[in-house]
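Presented below is the structure to which this report refers.
Computed from the coordinates by the stated procedures, all read-outs in this text should not be read as laboratory data. As the structure is a computational prediction, the values presented were derived from the model and not from experiment. Cβ sites come from the backbone with ideal geometry, for glycine too, and all protein chains shown count toward neighbours.
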């Protein structure tokens, strides 16, 4: 896994949750990968320097051949063009230095590539851990919502019992009064009971549109958890 230096967030604050620690670790790995990739690019530039010197030598050789061809085509008048030995020695030294640097760069490049491969493997592990931690967090959200739902249902049951209880009381009292000969009083109670029961209680069910909207909310919640966005 990544080193302990990955345990701080971008603001330098110690992460508070396992998911925050994983996001900090992923950010550290991404930073290391960026630095390693930049080093690999510089090493490739060093390795390519040898080819540039070889092209320079070839260009010098072509220029010498062209000069000799021109001298011969002109009837070999005067001395033949002499090769620039100083430039040849300079290019030879430059080529040796470039070859030496290229060999070192190749060895360092293998090490850098190995490190990049390791960091990518670690990044894959951390991404899978973040995915699992995100699902765990949403499952914890679900449990909390379930508790809220149960509490709300209990409130609805209690309130519903009181509402229906009043209607039942009015009906029973109305019939009792009629049985005792108080017809007018009994009818008043029954009328009240009938009036109250016409007030239909709203359904607790949810619509398909509400479910779709809630699913979209969960999608954004999942993305926030995976990407280290705002927590709830």
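General remarks:
- Under the simplified labelling scheme, the residue 178-residue 44 pair shows an inter-label distance of 9.4 nm, with each label point 7 Å from Cα along Cα→Cβ.
- Principal-axis analysis of the Cα atoms of the chain puts helix 18-73 at an angle of about 20° to the longest axis.
- Pair residue 108, residue 157: separation of 7 Å Cα→Cβ label points (nm): 7.3
- With respect to the chain, whose longest principal axis is taken over its alpha-carbon atoms, helix 183-197 is tilted by about 10°.
- Each listed q (0.15, 0.19, 0.23, 0.25 Å⁻¹) maps to a log10 I(q)/I(0) for segment 164-232 from the Debye sum over equal C-alpha point scatterers, namely -0.62, -0.78, -0.91, -0.98.
- Annotation: extensible slack from residue 187 through residue 167 equals 5.8 nm (criterion: 0.36 nm per residue apart, minus Cα-Cα distance).
- Nitroxide proxy distance, nm - points 7 Å out along Cα→Cβ at residue 150 and residue 120: 4.8
- Sorted by Cβ density within 10 Å, fewest first, the residues 170, 201, 123: 201, 123, 170
- Take the Cβ atoms of residue 214 and residue 17, set R0 to 22 Å, and the FRET efficiency comes out at 0.35.
- To the nearest ten degrees, helix 208-227 and the longest principal axis of the Cα atoms of the chain are 40 degrees apart.
- Sorted by Cβ density within 10 Å, fewest first, the residues 116, 130: 116, 130
- Using R0 = 30 Å, the C-beta based FRET efficiency linking residue 37 and residue 62 works out to 0.20.
- Sequence of 119, 192 once ranked by neighbouring C-beta atoms within 10 Å, starting from the fewest: 192, 119
- Pairs of Cα atoms nearer than 8 Å and 6+ residues apart set the relative contact order; for segment 4-227 it is 21 percent.
- Given (1) 17; (2) 22; (3) 65, the label whose value is percent of Cα pairs over 31 Å apart derived from this model: (3)
- With R₀ fixed at 22 Å, the C-beta to C-beta distance from residue 206 to residue 136 puts the FRET efficiency at about 0.30.
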